[in-house]
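Novice: Please read through the structure below; I'll follow up with questions.
What follows is calculated from the coordinates using simple rules that are stated; it is not laboratory data. Predicted model, so just to flag it, every value in this text is computed and none were measured. Reconstructed Cβ throughout: ideal geometry from the backbone, glycine too, with neighbour counts over all protein chains shown.
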Amino acid sequence: MSATETTKRSMRTPLGRVHNLGAAHSGTSDFWRQRLTGVAMTLLIIPVLVVVMMLIGRNQAGAAQILGSLPIAVILLLFIFASAWHMKIGMQVVIEDYVHSEKLKLASIMLNNFFSIAVALASTYAILKLSSGV
Amino acid sequence: MTARIERPLSPHLQVYRVTLTMALSVVHRATGIALYFGTLLLAWWLIAAASGPAAYSHVQAFTGSFIGRLIVFGYTWALMHHLLSGIRHFVWDLGYGFKANEREALTWGALLGGIALTLLIWIIAYAIGGGR
C-alpha cells in the first residue's frame with residue numbers, strides 16, 4: 001500500500017493508522033511468526049538431534065549419504081528455514097532495543113537480514129547438493 | 001534546531017532488584033544471540049559435507065579439538081536452554097503460569113532442564129562414539 005493511497009481517502013486518523021504497529025512498523029506479524037517458527041523448531045528438535053547423532057563419528061562419505069536421504073533432507077530444510085526466520089526476528093528485536101541512532105539501526109537491520117538469508121541459503125544449497133549427489 | 005525536550009525516562013535494569021525471572025530473561029536473550037552466530041557452525045558443517053572429504057576433515061578437526069568441543073558443548077546448552085525457556089514463554093503466551101510459585105517453577109525448570117538435557121545429549125553422543 002503506498003503512502004498516498006492511504007492518505008487520500010481514509011477516514012482513519014494518522015494516529016489510528018500507526019497505533020499498535022510498533023517499532024518495526026509491521027504490527028504483530030513478527031510476533032506471530034516468532035511463535036510459529038518457535039513451535040516448528042520445538043516439534044523438529046528431536047528429529048534433528050537424531051540426525052546429528054546418526055552423523056557422529058562418520059566420515060564425509062557416510063555423512064553425505066545420510067544427509068542426502070529424502071526424509072533427513074526435508075527435516076533439516078524445515079529446521080533451517082524456521083531457525084533463519086526466528087533468528088532474523090529475534091536479532092531485529094535486539095537491534096531495535098539497543099541501537100538508537102536511526103541510520104545505524106536501519107543498517108544493522110539490513111545486515112541482519114543479509115546474514116540470516118545468507119546462512120539459510122548456504123545451508124539449503126548444501127543440502128540440495130547432497131540430495132542431488134553431485 | 002529545536003532544543004531537546006527533557007522528558008521523563010523510564011527506569012532501566014539497574015534500578016530493579018535482580019530476580020530469577022529477570023536474570024533468566026537476560027539469559028534467554030543472550031543464548032538467542034549466541035545461537036544466531038552459532039548457525040555459522042551449522043552452515044559450515046553442511047557446506048563441508050557437500051564439498052568433500054578435505055573440507056569435512058577440517059570440521060572434524062575442529063569438533064575434535066578441545067576448544068571446538070567446548071564451543072559445541074556451549075552451543076548444545078544454549079540451544080536446549082533457549083528451547084525450554086521458549087516453551088516457558090509459550091505457556092505465558094497462553095495465559096498460564098503467572099502466579100509467583102508457578103513462574104518460579106517454570107523458570108527453575110528451564111534452567112535445570114536445559115543443563116540436564118545438555119548432559120544427556122553429550123552422554124548419548126559419547127556412548128555412540130563421539131569420543132573417538
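Novice: For the range B:98-132: of the residues being within 14 Å of chain A (Cβ to nearest Cβ) and outside any helix (DSSP H, G or I), which is surrounded by the fewest Cβ atoms within 10 Å (Cβ to Cβ)?
Specialist: Checked the range B:98-132; the qualifying residue surrounded by the fewest Cβ atoms within 10 Å (Cβ to Cβ) is B:ARG132.
Novice: Looking at the range B:64-88, which of its residues are assigned to a helix (DSSP H, G or I) and either without any contact (Cβ under 8 Å) to a residue 12 or more places away in the chain or of a type in the set (Lys, Arg) (or both)?
Specialist: B:GLY64, B:PHE66, B:ILE67, B:GLY68, B:ARG69, B:LEU70, B:ARG88
Novice: Another question, then. Could we say that A:VAL94 is free of Cβ contacts under 8 Å to residues at least 40 places away in the same chain, of a type in the set (A, V, I, L, M) and facing another protein chain (nearest Cβ under 8 Å) here?
Specialist: Here the answer is yes, as A:VAL94 does meet what is asked.
Novice: So which of B:SER57, B:SER10 ends up being without any contact (Cβ under 8 Å) to a residue 60 or more places away in the chain and facing chain A (nearest Cβ under 8 Å)?
Specialist: Unique residue meeting the criteria: B:SER57.
Novice: Those residues that are of a type in the set (S, T, N, Q), within 12 Å of chain A (Cβ to nearest Cβ) and out of contact with any Lys or Arg (no Cβ under 9 Å at 6 or more places or on another chain), I need them from the range B:60-89; list them, please.
Specialist: B:GLN60, B:THR76, B:SER85
Novice: Check B:LEU20, B:LEU24 and return the single one that is away from chain A (no Cβ under 12 Å), surrounded by fewer than 16 Cβ atoms within 10 Å (Cβ to Cβ), touching a residue at least 24 places away in the same chain (Cβ under 8 Å) and not charged (D, E, K, R).
Specialist: Result: B:LEU20 is the single residue among B:LEU20, B:LEU24 that is away from chain A (no Cβ under 12 Å), surrounded by fewer than 16 Cβ atoms within 10 Å (Cβ to Cβ), touching a residue at least 24 places away in the same chain (Cβ under 8 Å) and not charged (D, E, K, R).
Novice: From the list B:ILE47, B:ILE71, which residue is β-branched (Val, Ile, Thr) and surrounded by fewer than 18 Cβ atoms within 10 Å (Cβ to Cβ)?
Specialist: Exactly one of B:ILE47, B:ILE71 is β-branched (Val, Ile, Thr) and surrounded by fewer than 18 Cβ atoms within 10 Å (Cβ to Cβ), namely B:ILE71.
Novice: What number goes with the only condition from (1) closer than 30 Å to B:ALA54 by Cβ; (2) away from every other protein chain (no Cβ under 12 Å) that A:LYS129 does not pass?
Specialist: Going through the list (1) closer than 30 Å to B:ALA54 by Cβ; (2) away from every other protein chain (no Cβ under 12 Å), A:LYS129 breaks only (2).
Novice: Let me ask another. Would you check which residues across the range A:28-54 are more than 23 Å from A:VAL18 (Cβ to Cβ) and either of a type in the set (D, E, K, R) or in contact with an Asp or Glu (Cβ under 8 Å, 6 or more places away or on another chain) (or both) and list them?
Specialist: A:ARG35
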